[in-house]
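One structure is given below, encoded as structure tokens.
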Amino acid sequence: TVTQNAQTFTAAIRTQVFTFLRAWSFGADEAALEVIDSSRDGSETRWTPERLATARDAFRVEHRNLRLDPEARNIRHTHVHASDDGTTWRIEQMLIDLEGLNDWVAELEVGLDASREAGQSVMTLVRLESLVP
């Protein structure tokens, strides 16, 4: 199944995360939503193009742009945490910005059962926000 090899599955997840982030950073919010399950976040609020645009506007108040170069995609900026019950992975992708502040995160949840059933990673965006209150 798709989740058997953790290294390969993690690589596929990272590709999906950066496909989402690239679309989001370029303002292609509909395309970004096609990459993830937009039906809910951690608080059961639906992700919409308007909500993604609001997050991008907030990001751009402090940052000129999101970096998508090899350094930004370096594995050290991606943190994967398996749930205690083994049903989900929590992905924290640090957003690397031109200013070097790197104070935003995209947090996603990957459902392992749903991914096995779909034959590809199925992820939900939990949050896309600054780490600074």
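All of the numbers you see were taken from the coordinates with simple rules; none came from a lab. Keep in mind that what you see is a predicted model, and the values were worked out from it rather than measured. Using ideal geometry, Cβ is built from the backbone for each residue, glycine included, and neighbour counts are taken over all protein chains shown.
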Query - Angle between the chain longest axis and helix 49-62 axis [Cα atoms, degrees, rounded to 10] - result: 50
Query raised in the report: Once all Cα-Cα distances of the chain are split into 5 Å bins that start at 0, what whole-number percent is in each one?
Result: 2, 10, 21, 25, 21, 13, 6, 2, 0
Query raised in the report: With charges only on Cβ, +1 for K and R and -1 for D and E, what is the dipole size of the chain about its Cα centre, in debye, rounded to 20?
Result: 320
Query raised in the report: Tell me, D103, D85 in order of fewest to most beta-carbon neighbours within 10 Å?
Result: D85, D103
Report task. Compute the acute angle (0 to 90°) between the alpha-carbon long axis of helix 6-25 and the principal axis of greatest extent of the alpha-carbon atoms of the chain; round to the nearest 10°. Result -> 30
